[in-house]
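Beneath this line is the structure, given in structure tokens, with notes to follow.
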Amino acid sequence: MLAKILALSIFIIMFALIISEKFERHFITLGCGLATIVLVFGVSMRSMSAFLETLNVRNIFTVGFWYETASSSESSSGINWATILFLAGMMIMVEGMALAGFFRWLCMTIAKAVHYKVIPIFLTFMVMSFVLAMFIDSITVILFLAAVTVELAQLLKFNPIPMILSEIFCANLGGSATMCGDPPNIIIGTSLGYTFTDFVTNTGLMAILSLVVVVVFFYFCYRKQLSHPAEHADELAAKLSPKSAITNKRAFIISCIIFVCAISMLITHAKTGLTVAFIGVFIALVTLLTAGKSIGTILKRVDYKTLLFFIGLFVVVGGLEQTGILELIAMFIGKISGGNMYLMIAIIIWISAIASAFVDNIPFAATMIPVIKTLSATTGADLSVLAWTLAIGTDIGGSATPIGASANVVGTSIAAREGHPISWKKYCMASVPATIIVILISMVCIYLRYL
Amino acid sequence: MSKQLIISLGREFGSGGHVVAKLLAEHYQIPLYDHNLLKDIASEHHVDAEDLKKYDEHPRNLLLSRTVNGFSNSPEENVAHMQFDFLRKLSAKGESFVIVGRCAETILKDNPNMISIFVLGDMEQKIARTMECNNISREAAIKMIEHHNKTRKHYHNHYCETKWGDSRNYELSINSSRIGIRETANIVAQYIDTRRNISEPDNMLRG
């Protein structure tokens, strides 16, 4: 009982400290992780096995961690090293691409292709945001898209806010479509043994269907604010030449090849048996080996803080799992729903969405995975259906508010720094209805397809 | 003005600090920046200053804001940083000006030509002045003073390591209630002249 109380207290303190922003979030999770090891596993449980299971280091030295013959999953308990290695690998690849000017080049190429007309830019940037976020973390996608949008807005004299808000929403939506699009999906995929294809054919279809509806929705929401005729397209073409975005032609070509390789490896990983951990490490090594003199710059730019944040977080959630608290939550959901799958899905999707709109969706998803696992084991519910429900709920819920997902914070901040502050009211006006629409579409899809 | 002069003036609400700043700007014939700073920032970014004004000198809402890799969704925080950057730019360009509030004493502390002043006042005098200036009751004036001072304090202490109004943070802290606003401005000007004179290397040796 003491272990349960301690684990839960540490978890609540961790969340409160993350919200307070008194310290950097990786210090918080690492500190709370250390407290979990000492107080929960050491003082209270006196369990070496719980400690070792949570550290989960032994798993890295097994063949199955790098190459799997049948669909097997990483132990969901403790630090999910596959997620950490995959994220690190993708971060290194993305930094290489950014350094070569890939993202800016892509934005400029699309803007040029639609002849710098505002509404076509608005529509194509939404789709581009969705597609890029399927493979690359949404923070990077928005970092570049929002910056180019502000630049275009200054030249074409339109209000960038509607475009940035739509791009943010579509980036979060795109992230939900694949296993590598959003951190909760990577954690769900690696913990429960689902492949890239599993995600694309399940959450991916829901996301694409939602994208069509959302593009139409945002078009009708913002068309009046954006219906401004573009002038002097020729002058703009000179100022915004896509070629000028490329900083190093050789690095640009190499980064494009690596990106295509990464996508191909991810799409085929169920067939080849290569795990996401392998793909992450492979992509990172290739990027670094081909980076030449830029290797130092790329390594410096990697977001180590996020990786450390994940490690600490997994330990704290491991504490909750080892003490059996998450089983209690699972049993509670099972009891409320009375084994009714319709109700169970509605509870998971809406609670995940509402929670993710206000708190970081990564700790939430990490906490919920053992919950749905227990729920499936105790009620006989199909685990994959619960997994898709959880993924959509956490990924999409974050779109509703300016603090729901990292991409929202980055996008609104870039807009504000250029003189376009975005209040909660302005943000939520279109994003809350759009979130509700997507959650409803996904819920109906889940009901019709799986039940 | 040959040598750069930046006067950073912090103030308690109702102390008349803003009037002191205005008198100093007139005396030294240099521009006065307060909320009008946003006008220059807005024109630089081709946006409407009114859109920025509502977030001026306000602390961020802790529960409604989040920071990711140095990016914050808080409009208040972003507007504050825009002003800080603008002030740093003016300072680096060697321009002289008076700046009211906006954490300038901390933001520009590396510039030796910046002189930091804090104007405070006795509560009774602040109430009387607020009642007169805003034509409101005593209760409303007390509420107004408390509200504005609380907001300024939170705003300042969020961005600065030192505390708002703490005399160790300023070169000169002066109570305007004791000698009146105009005389306060005179004393401050005397201090500024002495300080500028003494900052000259030759004069320092002589002193």
Taking each residue in A:398-411, count the Cβ atoms of any other chain within 10 Å of its Cβ, then average. What number comes out?
4
How high is the relative contact order of chain A, given as a whole-number percent (alpha carbon pairs under 8 Å, six or more residues apart)?
25
Can you give the Rg to Rh ratio for the range A:64-197, taking only C-alpha atoms and Rh from Kirkwood?
1.08
Once the Cβ-Cβ distance between B:ASP122 and A:TRP350 is put in as r, and R0 is 51 Å, what FRET efficiency do you end up with, to the nearest 0.05?
0.35
Counting alpha carbon pairs within less than 8 Å and at least 6 residues apart, what relative contact order, in whole percent, applies to the range A:61-202?
29
Build a GNM of chain B with springs between Cα atoms under 10 Å: which of B:GLY165, B:GLY16, B:GLY70 gets the top mean-square fluctuation?
B:GLY70
Solvent exposure of the protein assembly as shown as accessible area per residue, Å², 1.4 Å probe:
43
Distance in nm between pseudo-label sites at A:SER264 and A:PHE27 (7 Å out along the Cβ direction from Cα)
4.5
With label points built 7 Å along Cα→Cβ from the Cα atoms of A:LEU2 and B:THR194, find their separation and express it in nm.
6.5
Between the residues A:ALA355, B:LEU24, A:MET341, the Cα farthest towards the positive end of the dipole of the protein assembly as shown, that dipole coming from +1 and -1 charges on the beta-carbon of Lys, Arg, Asp and Glu, is from B:LEU24
For the protein assembly as shown, the Rg and Dmax computed from alpha carbons only, in angstrom:
28.3, 91
What angle do you read, to the nearest 10 degrees and between 0 and 90, between the alpha-carbon axis of helix A:383-397 and the longest principal axis of chain A?
50
Straight distance only, please: which lysines reach the Cα of A:LYS22 with their own Cα at less than 23 Å, same-chain residues fewer than 8 apart left out?
A:LYS305, B:LYS150, B:LYS153, B:LYS163
Along the charge dipole of the range B:6-206, Cβ charges K/R +1 and D/E -1, which of B:GLY180, B:LEU9, B:ALA49 sits furthest on the positive end?
B:GLY180
With r defined as the distance between the Cβ atoms of B:ARG168 and A:SER20 and R0 fixed at 30 Å, what FRET efficiency is calculated, to the nearest 0.05?
0.65
Using a probe of 1.4 angstrom, how much of the accessible area of the protein assembly as shown is carbon and sulfur, in percent?
63
Computed over the range A:295-408: relative contact order in percent, which uses C-alpha pairs under 8 Å that are six or more apart:
30
What are the ³J(HN,Hα) values, in whole Hz, obtained from phi via the Karplus relation 6.51 cos²θ - 1.76 cosθ + 1.60 with θ = phi - 60°, for each residue of the range A:194-207 in sequence order, with x given for Gly and Pro?
9, 9, 4, 5, 4, 5, 4, 7, 10, 5, x, 5, 4, 5
Distant-in-sequence amide H partners of B:ILE115 (H built 1.01 Å from N, under 5 Å):
B:ILE6, B:ILE7, B:SER8
To the nearest 10 square angstrom, how much accessible area does B:ARG88 have with a 1.4 angstrom probe?
100
Summing -39500 (n - 2.57) over every DSSP H run of at least 4 residues in chain A and dividing by its residue count gives a helix-only mean residue ellipticity at 222 nm, to the nearest 500 deg cm²/dmol, of -24500 deg cm²/dmol
Starting with the highest mean, order A:193-206, A:87-100, A:112-125 by the number of other Cβ atoms within 10 Å, averaged over the residues of each peptide.
A:87-100, A:193-206, A:112-125
Looking at chain B, what % of the alpha carbon pairs are farther apart than 29 Å?
26
Take every DSSP beta bridge whose two residues both sit in the range B:6-206, then give the antiparallel share in percent to the nearest 5.
10
Interface residues in the range A:15-35 - accessible area drops by 40 Å² or more relative to the isolated chain, probe 1.4 Å:
A:ILE19, A:GLU21
Express as a percent, rounded to the nearest 5, the fraction of DSSP beta bridges in the protein assembly as shown (both residues included) that run antiparallel.
15
Per residue of B:76-86, how many C-beta atoms from partner chains lie within 10 Å of its own C-beta, taken as a mean?
3
If one compares the long axis through the Cα atoms of helix A:102-113 with the longest principal axis of the Cα atoms of chain A, the angle in degrees, nearest 10, works out at 50
Taking amide H atoms as placed 1.01 Å from N in the peptide plane, list the residues 5 or more away in sequence, or in a different chain, whose amide H sits under 5 Å from that of A:TYR67.
A:THR275
What's the buried accessible area, both sides, between A and B using a 1.4 Å probe, rounded to 100 Å²?
2100
With everything on Cα atoms, drop me the angle between helix A:160-177 and the longest principal axis of chain A, reported from 0 to 90° to the nearest 10.
40
State the answer as a single residue: which of A:ILE186, A:SER138, A:THR247 lies farthest towards the positive end of the charge dipole of chain A, with beta carbon charges of +1 for Lys and Arg and -1 for Asp and Glu, about the Cα centre.
A:THR247
Calculate the FRET efficiency for B:HIS154 and A:SER49 from the Cβ-Cβ distance with a Förster distance of 60 Å, rounded to the nearest 0.05.
0.80
At 0.36 nm per residue, and after removing the present C-alpha to C-alpha distance, how many nm does the segment from A:VAL444 to A:VAL131 gain when stretched out fully?
110.3 nm
Pop out the ³J(HN,Hα) list for the range B:67-82 in order, Karplus 6.51 cos²θ - 1.76 cosθ + 1.60 with θ = phi - 60°, rounded to Hz; leave Gly and Pro as x.
10, 10, 6, x, 9, 10, 7, 5, x, 4, 5, 5, 5, 4, 5, 4
Stretched fully, the stretch from B:LEU62 through B:ASN186 gains (0.36 nm per residue minus C-alpha distance, one decimal, in nm) 40.6 nm
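The values are calculated or read from the model by the stated rules, or taken from the named source; none is laboratory data. Not measured: the values here are computed from a predicted model. Glycine gets a Cβ as well: all are built from the backbone with ideal geometry, and neighbour counts include every protein chain shown. Surface accessibility is based on the protein's heavy atoms, side chains included, excluding ligands, DNA and RNA. Shrake-Rupley method; radii C 1.70, N 1.55, O 1.52, S 1.80 Å.
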